[in-house]
Each structure stands twice: as structure tokens, then as C-alpha cells.
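The values are calculated or read from the model by the stated rules, or taken from the named source; none is laboratory data. Everything numeric here is computed off the predicted structure, so don't read it as measured data. For neighbour counting, all protein chains shown are included, and Cβ atoms are generated from backbone atoms with ideal geometry for every residue, glycine included. Protein only, heavy atoms only, side chains kept; ligands, DNA and RNA dropped before computing areas. Shrake-Rupley method; radii C 1.70, N 1.55, O 1.52, S 1.80 Å.
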Amino acid sequence: MSNVTTPTDGWRARARVGVVVPHADVGPESELQAMAPEDVFIHGSRLHFGAMRPGGEMDPKIPHSPVYAFIEPPHVDIATELLAASPIDSIAMGFTSSSYVVGVAGEKALYERLAERTRGIPITGTTTAAVAAMRALGAERLALVNPPWFDDELSGLGATYFTDQGLHVVHHGPCGLPSNQKEITPEALSAWIRTEVASYKPDAVLVAGNGIRAVGVIKGLEEELGFSVLTANQVLFWHALHLAGAADVAREITSYGRLFGSTDGPLAG
């Protein structure tokens, strides 16, 4: 009889979530894996995003044309199809601003198109997941905190998107932090929400933009301020787990907000 022990090798998984991300952005994969239990795995597919340079650098405000281009065929369709060829359980689009610029109807058409490439694997995106999260929490009043690299017009399009979904947007705008992924800290983001957003008394705040460092602020701010704190990658992961049939896994996650403990599950998306 062998005495050899077998260390964990990553092959046994309760869920595998695929995520499509901009080519120079490590944020979505990093935050999803941080939230994931040890037997849940994240698998990425990269897609060129014209507003990002090697190393993740961007201009202080991103232009809108690359945002549109990110979701135009055929490249996003190919990236999705290649990801869906893997034995995964759900697919998440780690990109927020495209839904802002095309609106609710355009987003619906996008996911109907991509669903033709997924072999039946369910697919979701950040804003779809955020609406599902708000409904699962019974929240109606939304404060929308966008990354500093979103301009006022893009932020306004985001507010329109959520208003068209039947939510009451009590505040929206780019946060006043350095427009550089590497310079944003949980401490600075927490302070911004505490001083600039909490007074609007939302049912929930959503830190939008999958490339902004945000999941580390959730638990502390919920305990301090009382309202729900949602972030792009948090809602995306929560929704992807439910679509993957892994609601039990979602409810095990206790350090990243009350959303994961919601017993209602996704009611949209």
C-alpha cells in the first residue's frame, strides 16, 4: 500500500467560471479568484481593448469608440466561443462600459448573439448581474460610483441604463480618485464612498467598472454604513455562480458582502 499523498492539483472543482476580459486588465480575474472558494476556478479569455496599452495603462478618460469596438463582431464572438469550448459552467463578461453605451436593448441583443456561440453555457455581464443583484436584495435606490477613467457622458449613460431597468439612480459620477488602476487603494475608495456618496442614502451603492480595485471595501463599508455595497466583479461572480448551478457555493462566501447570502437568488438576467 502506497504512503504517497496527493496534494491538491486543481482538477476537482465544484464550479468553473469563464471570464472574458480586456487584454491588458488583470483586475476581473484577480478579484473573482480572491472571492472564490479553493475548489472554484476562474478561466480567462482575453480580448483586445483599444483604450488600454501594455501594462494596463490608459488615458485619464477613455474614449468611447474602443468601448463600442470591444463588443462588435467578430472578435468578442470568437473569444466567447473559444472560452465555451472548455468544460466550464458559466461565462461572465468582465466589462461594464459597453452596456452603458449600447443601452438595455443593445445589451440584450449582444447576449443573444453571444449565446449562439456558448454551446448552451449560460452567459452574463456586469450590468445584467447588477440589476439581478439589486432585485435579489430588494433594493431600488442606487448610487452609481464609476471609475475615474469614465467621463461624465459615459457615467450619464450608465445612469440611463439602470433607470431604464426600473431602478432609481440617486447619484452617479466618476469617483475622484487617480485615473490609474495601480494607484487606487481600498482605503481611498472607502473614503470616497463614505464622504461623497453615503449622504444620498441609497439602498445600495454599485462600484462599476471591472478594472477598478473594489472588492476589498465591501464588508467594511456594509458594516459601517448599513446599505448594501456592490461592485462590478462581485455581482458578476455572484450571478455567474448562480447561473452555473452553484448557488450553494455562493452562499458560502461570507467576506464579500451580504449579496452572497441572499436567499432569493437572481431574479433577472
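Miscellaneous remarks
- Which numbered condition L230 fails, given (1) touching a Gly at 6+ places or on another chain (Cβ under 9 Å); (2) open to solvent by less than 10 Å² (accessible area, probe 1.4 Å); (3) assigned to a helix (DSSP H, G or I): (3)
- Residue selected from the range 181-213 under the condition without any contact (Cβ under 8 Å) to a residue 40 or more places away in the chain and outside any helix (DSSP H, G or I), by the criterion surrounded by the most Cβ atoms within 10 Å (Cβ to Cβ): I184
- Sole exception among (1) over 16 Å from the mean Cα position of the chain (by Cα); (2) under 23 Å from V207 (Cα atoms); (3) at pLDDT 95 or above for G56, by number: (3)
- Residues being buried (at least 20 other Cβ atoms within 10 Å of the Cβ) and in contact with a helix residue (DSSP H, G or I) (Cβ under 7 Å, 6 or more places away or on another chain) - total across the range 52-92: 8
- The C-beta contact set for the range 62-82 (first residue of a type in the set (D, E, K, R), second residue at pLDDT 95 or above and surrounded by 16 or more Cβ atoms within 10 Å (Cβ to Cβ), distance under 7 angstrom, 6+ apart or interchain) comprises D77/L114; D77/R117; E81/R117.
- For A51, the criteria (1) within 30 Å of V169 (Cα to Cα); (2) assigned to a helix (DSSP H, G or I) hold in every case but one, which is (2).
- All of (1) open to solvent by less than 40 Å² (accessible area, probe 1.4 Å); (2) over 30 Å from R53 (Cα atoms) hold for I218 with one exception: (2).
- The lone exception for R16 - which of (1) closer than 19 Å to R117 by Cβ; (2) open to solvent by 10 Å² or more (accessible area, probe 1.4 Å); (3) part of a helix (DSSP H, G or I); (4) touching a Phe, Trp or Tyr at 6+ places or on another chain (Cβ under 9 Å) it fails: (3)
- The residue list V67, V21 contains one member that is outside any loop (DSSP other than H, G, I, E, B), closer than 24 Å to A115 by Cα, among the β-branched types (V, I, T) and in contact with a Pro (Cβ under 9 Å, 6 or more places away or on another chain), which is V21.
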